[in-house]
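Following: one structure in structure tokens, then a few remarks.
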Amino acid sequence: MKDHADKILADISDESLGDLYEHAPCGYISTDANAVILRVNQTFLDLTGHTREGVRNLRLPELMTVPGRVFYDTHFAPMVRLQGFIKEAAVDIVRPGQSPLPTLINAVQIENSKGEPTHIRFTIFDATERRRFEQRLITANHQAEHFGVIIQASLDAILSVGPTGDIETWNPGAEKMFGHSSDEAIGKKVWEMIVFDDPDYKPGDLFSEVQKGQGVFRSAMCIGSGGRKMFTSICVTPHIEPPGEFVGLSAIFRDLTEQRQVEEAKHREEMMANLIRAEESERRRISRDLHDHLGQQLTAIRLTIAELQRAAAEFPQLSTPMEKLQIQTRKIDDDLSFFAFELRPKELESARLAEAIEIYVRKWSQNYDVGAEIHVETMNSTRFPEKIENNIYRILQEALNNVAKYASADTVNVIFKKHDGELILIIEDNGDGFSFSEPKPPQDRGHGGLGILGMHERTVICGGRFTIESQPGKGTTVFARIPIGDK
Amino acid sequence: MSILERNNVKIWGSGTRPMLFVHGFGCDQHLWRLMTPRFEDDYRVVVFDQVGAGRSDLSSYDPEKYSTLDGYATDVIEIVEELDLKDVILVGHSVSAMIGLLAAKRASERFSDLIMIGPSPRYIDDGDYVGGFTRDGVEELLQFFENNHLGWAAAMAPVIMGNENRPELAQELETSFCAADPEIARIFARVTFLSDNRADLPGVTTSTLIIQTQDDVIAPVPVGEYCHKHIPGSKYVLIDATGHCAHLSAPEMTTYLAER
């Protein structure tokens, strides 16, 4: 064994120093004190593709890329000059016909006996792989910074917890949501900082679940800062290292309280829209039945009565009751027609909305014996989407019904016009009015329709705004404004 | 933190007339180590570290203030006022030639002479103006400094981080040259290479010497000539040396000062 080593050593000793210099595993360059190249080894030439003649009498920085040259002049040269050496300076060396070579360069300055620099020795290492790795590291760093910014800016509570439940990171979202600063929270047990409003499920239980390696995605009521109850979604990811060791977790809490309220409101709105649709179709059916069946039968009855009247002409004692019967039946027929009309006016199907409104107000005025002023703008032959026409018409009916039943008014003023891309319907009465401070305005009690709420919902369904103004003794004004997207 | 501590100001020398040396991008007050011995017998030598470089106080770094060269000029004026220096000869290297110029304009009563070594009012070419770099070239340069954090950190180790809390590091730092906080150096590179001070040249009233080297990649000869042309009454010396090194200029400075 020893013989073998001795033999190799003997071989190496034979190796000439010149060969060692030329083919060392790194580039070597010697320059004068001003970095003018005096000597260069073969390894450097192989690494860079330069020729010995090509680099002779050049300054080393002239072989660097422009940024490398600037770095050389601003950092490299002063440091070599002032401290006598530099280590691991990262610069790129230009190569003929190839992309620049990333290198790391060490340099030492050699001084004469008077302390004056005479020359500089450089070693040049190929740093391609290292630079690539650094580049990945820099990219990863940038990414981490970006994620850091996102976590810092997030309204969600984002935290990480160690294997025994100690909080390790706690973002501003968590500070705000749970009311503990990161200084307070970090190092505490997660179940001390986060409290659930649920006797059967505690953060400790959640932690035990995750500890088994289970990711958890669920919702829970949490107690937030100031005791506020929050409906939160929770997403917890366990961190598992081979061979399956639990080393911690990250958790995101999102406060969905507001979102849930919005969803509930939206749900209510949808329910109301369905209700209105159901009401509409039910009215249509009843109207048809009244008109087609009862109406026809009533007509038959009235014909029969007329026949009877003629037949009973010889019996004077029957004349008065017959007359009464005829009048009563006609009244029933009229009422029936009005109810059927009210439920589902034919006008809305055949006429334009403005006309239908006018016809309805006149009939209503006649029926209830309340004076009506009608200011309806004729809008040529314009028809609007069925939804809008139906709902405006129903709002008018509802409002007039309220006037008839509760207001004891003697006149109403109905205005219908197009203005600034909106259809505007105003129903104004001079009746009793009401106070909003009462627990519930009388109009809201409903009377077969859906009351104020119904008018409001119908306006909202059409994307419009509904307002109502009233004071006791000062009458009531109802405004509905519905956009039609056509200015 | 006093101004003198903030900028790690050092003062010595047997003379009375102050000579204030301002280092540029890439180094610290050590830059002047080889030059100051030639002046310390006749002048009062003042050197300091720009905030972010050398042993300056890193906690004083204000990104807003140091986003322009004016912020650095403010520091120069503050040092001069703190020491109540008068008749100051300001020696500025590289970007600090411009920082010195801005300081001399703002507090001209304090400065008698401005010695600019390798100055450049604008590094990027602009129409007829030759700055030495194309816009892309400067972007590439800044990218290099941006991506070269790790390479830098090694070359300029030790990086000083929160040294005020670790006084035991002071001894080690004493032996380090041109140390810089990489993040601050990265921003200083941007401020340096993207600034444009051409409009500041004509208003200089301080007596000015411009020292230019033959082969300076950072501030080439046409830039030095441009400064000379636009700074009223300035003297201009072209020396037969290569690179951007400051210490080579000492003989020209001596001659100039002897003739004043």
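List of remarks:
- Evaluating A:Phe217 against the criteria (1) in contact (Cβ under 8 Å) with a residue 24 or more places away in the chain; (2) more than 14 Å from chain B (Cβ to nearest Cβ); (3) surrounded by fewer than 16 Cβ atoms within 10 Å (Cβ to Cβ) leaves one unmet condition, (1).
- Of all residues in the range B:43-63 being surrounded by fewer than 22 Cβ atoms within 10 Å (Cβ to Cβ) and touching a helix residue (DSSP H, G or I) at 6+ places or on another chain (Cβ under 8 Å), the one that is nearest to B:Gly24 (Cα to Cα): B:Arg55
- Matching residues, the range A:335-356, being in a helix (DSSP H, G or I), out of contact with any helix residue (DSSP H, G or I) (no Cβ under 6 Å at 6 or more places or on another chain), crowded, with 17+ Cβ neighbours inside 10 Å and modelled with pLDDT under 85: A:Phe341, A:Glu342
- Single residue of A:Glu209, A:Glu145, A:Glu134 found to be touching a helix residue (DSSP H, G or I) at 6+ places or on another chain (Cβ under 8 Å) and either in a helix (DSSP H, G or I) or polar (S, T, N, Q) (or both): A:Glu134
- Output for the range B:30-60, where each listed residue is within 14 Å of chain A (Cβ to nearest Cβ) and part of a helix (DSSP H, G or I): B:His30, B:Leu31, B:Trp32, B:Thr36, B:Pro37
- Here B:Gly100, B:Gly54 are screened, and the one residue that is modelled with pLDDT of 95 or more and in contact with a strand residue (DSSP E or B) (Cβ under 9 Å, 6 or more places away or on another chain) is B:Gly100.
- In this structure, A:Asn112 does not satisfy being surrounded by fewer than 22 Cβ atoms within 10 Å (Cβ to Cβ) and within 13 Å of chain B (Cβ to nearest Cβ).
- Residue check: A:Phe231 meets all listed conditions (1) free of Cβ contacts under 8 Å to residues at least 60 places away in the same chain; (2) touching a helix residue (DSSP H, G or I) at 6+ places or on another chain (Cβ under 7 Å); (3) part of a helix (DSSP H, G or I) but one, namely (3).
- Qualifying residue in the range B:219-240 (condition: modelled with pLDDT under 90 and surrounded by 16 or more Cβ atoms within 10 Å (Cβ to Cβ)): no
- Residue in the range A:121-144 that is nearest to the other protein chains (Cβ to nearest Cβ), counting only those that are of a type outside the set (Asp, Glu) and touching a residue at least 60 places away in the same chain (Cβ under 8 Å): A:Phe125
- Top-ranked residue of the range B:190-217 - restricted to ones that are closer than 19 Å to B:Phe144 by Cα and modelled with pLDDT of 90 or more, ranked as surrounded by the most Cβ atoms within 10 Å (Cβ to Cβ): B:Thr192
- One residue from A:Lys202, A:Lys266 being more than 13 Å from A:Leu159 (Cβ to Cβ) and over 24 Å from the mean Cα position of the chain (by Cα): A:Lys202
- Looking only at residues in the range A:416-436 that are of a type in the set (A, V, I, L, M, F, W, C) and buried (at least 16 other Cβ atoms within 10 Å of the Cβ), the one that is farthest from the chain's Cα centre (by Cα) is A:Phe434.
- Picking from residues in the range B:61-87 that are among the hydroxyl-bearing types (Ser, Thr, Tyr) and in a loop (DSSP other than H, G, I, E, B), the one that is farthest from B:Asn7 (Cα to Cα) is B:Thr68.
- Residue match in the range A:200-222 (condition: modelled with pLDDT under 90, under 21 Å from A:Leu256 (Cβ atoms) and of a type in the set (Phe, Trp, Tyr)): yes
- Apart from one condition, A:Gln143 fits all of (1) surrounded by 14 or more Cβ atoms within 10 Å (Cβ to Cβ); (2) closer than 30 Å to A:Ile240 by Cα; the exception is (1).
- If you go through the range A:357-384 and keep only what is assigned to a helix (DSSP H, G or I) and among the polar types (S, T, N, Q), you end up with A:Ser365, A:Gln366, A:Asn367.
- Screening the range A:73-90 for residues that are more than 8 Å from chain B (Cβ to nearest Cβ) and free of Cβ contacts under 8 Å to residues at least 40 places away in the same chain and picking the one that is farthest from the chain's Cα centre (by Cα) gives A:Gly84.
- Counting the residues of the range A:38-72 that are touching a strand residue (DSSP E or B) at 6+ places or on another chain (Cβ under 7 Å) and within 13 Å of chain B (Cβ to nearest Cβ) gives 10.
- Top-ranked residue in the range B:201-260 [being within 14 Å of another protein chain (Cβ to nearest Cβ) and acidic (Asp, Glu); ranked as nearest to A:Leu58 (Cα to Cα)]: B:Asp215
- Within the set A:Ile388, A:Ile395, A:Ile332, A:Ile359, the sole residue that is more than 43 Å from the chain's Cα centre (by Cα), surrounded by 14 or more Cβ atoms within 10 Å (Cβ to Cβ) and under 27 Å from A:Arg481 (Cα atoms) turns out to be A:Ile359.
- Residues of the range B:11-29 satisfying the condition of being part of a loop (DSSP other than H, G, I, E, B) and within 14 Å of another protein chain (Cβ to nearest Cβ): B:His23, B:Gly24, B:Phe25, B:Gly26, B:Cys27, B:Asp28
The values are calculated or read from the model by the stated rules, or taken from the named source; none is laboratory data. Worth saying up front: this structure is predicted, and the values here are computed from it rather than measured. Note that we place each Cβ from the backbone using ideal geometry, even for glycine, and neighbour counts take in every protein chain shown.
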